[in-house]
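So the structure is just underneath, and the comments pick up after that.
The values are calculated or read from the model by the stated rules, or taken from the named source; none is laboratory data. Keep in mind that this is a model prediction, so the values were computed, not measured. Positions of Cβ are backbone-derived with ideal geometry, glycine not excepted, and every protein chain shown enters the neighbour counts. Side chains included, ligands, DNA and RNA excluded: accessible areas come from the protein's heavy atoms. Shrake-Rupley method; radii C 1.70, N 1.55, O 1.52, S 1.80 Å.
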Amino acid sequence: MGFKWVAPGGGDRSGKGAVPSPVKSHRLNGQDAPDDEGATLGNEGKSSGAPISASRVDAPANIQRGSKARKGKKTFEERIDELRVYKAEHGHLNVKQSENKSMSQFCCDMRYARRNPESRQGRKLTADRIASLDALEFDWGPQIKTVKSFQERIDDLQAYKAKHGHLKVKADEDRSLYRFCVDMRHACRNSESTLTEDRIASLDALGFDWGLQQQMRARKTFKDRAEELQAYREKNGHINVKEGEDKSLYGFCRDMRYARGNPDSSKGRKLTVERIASLNGIGFDWTPKNEKDDRAFQKRLEELKAYETKNGHLDVKKSEDKSLY
């Protein structure tokens, strides 16, 4: 820069001629510059008295150091080496963010650059780089989660059990398989799920754990429910099961009525013609009376008539008949 630390013709505070600065010097862009300790700017032989900080003297050096802020960014060749190692270990290049955030981002950048060759964002993808990635069988398409079939999940569980000796899959081992197990337990507890008896049997055959904290009562088959309803009818003379009597059997009856009234619904059990015939055979009530009505409406009318005959009015008091009131 060639900055002049002493103005031409300037002197010291006494007004005398210019004298060499007693402070130490260091290099500033190839020129000798004084240390900031005690240094001041002069103006026509007078000092401003304001000390020059080291940060101002070293400003060019600071700027040069700032240009190295991104030091450590890996080259394309280094990324290729990392992908090669990853593939050798995992057998694919579907790098997950949870495994290696930096390498996963690199793969995303490569896909973006391939789809957007004119974009100024990200890395420039040359033909040579594309060839290098193709040689590794790099997956250029977006990562799409594939939904496995029930049978594929059964195969996964069989392999897991063969390796671990149990089916208590943990999320940190295989999150996808763990989620499947959770969904199966939830579906078995939910009476409106579409978990069929055949699928339950397939899971039972593997020794599937329906409850991690406590053994869950096995879900009963339609035949079991029909036999329970038959026994209930023999005991009570009807099949209007109340929730307070048997919550599980009550839920089954509710589901059957819902399925009959909503044949196209994807919720609940599927009600076939054969099952409808079985329920009709035991006198199943498809339209039960409202459980909240303790007495029939007609009987209520008779009670009101009797009350009017006795009292001459229908101003029923709560203290006289709480139910009729």
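Stretched out fully, how many nm does the piece from Asp174 to Arg254 gain, at 0.36 nm a residue minus the Cα gap? Mind dumping the intermediate values first?
Values: separation 80, 0.36 × 80 = 28.80 nm, distance 3.71 nm.
Here the segment from Asp174 to Arg254 would lengthen by 25.1 nm.
At 1.4 Å probe size, what's the solvent-accessible area of Lys73? Round to the nearest 10 Å².
It works out to around 120 Å².
For the residue pair His313 and Trp140, what label-to-label distance in nm results when each label sits 7 Å from Cα along the Cα-to-beta-carbon direction?
9.2
For the residue pair Phe297 and Asp198, what label-to-label distance in nm results when each label sits 7 Å from Cα along the Cα-to-beta-carbon direction?
Placing both labels 7 Å along Cα→Cβ, they lie 4.6 nm apart.
Could you rank Tyr178, Tyr86 by how accessible they are, 1.4 Å probe, largest area first? Don't skip to the answer; put the middle values down first.
Working: Tyr178 75, Tyr86 15 Å².
My answer, sorted largest first, is Tyr178, Tyr86.
With every protein chain left in place, what is the accessible area of Lys74 in Å² (1.4 Å probe, nearest 10)?
80
Hey, which of these cross-link pairs are over 22 Å Cα-Cα: Lys220/Lys247; Lys73/Lys101; Lys87/Lys168; Lys96/Lys161? All intermediate terms of the calculation are to be shown ahead of the outcome.
Numbers: Lys220/Lys247 14 Å; Lys73/Lys101 14 Å; Lys87/Lys168 29 Å; Lys96/Lys161 25 Å.
Pairs exceeding 22 Å: Lys87/Lys168; Lys96/Lys161.
Could you sort Val85, Val169 by accessible area so the largest value comes first, with the probe set to 1.4 Å?
So, going from the largest accessible area down, we get Val85, Val169.
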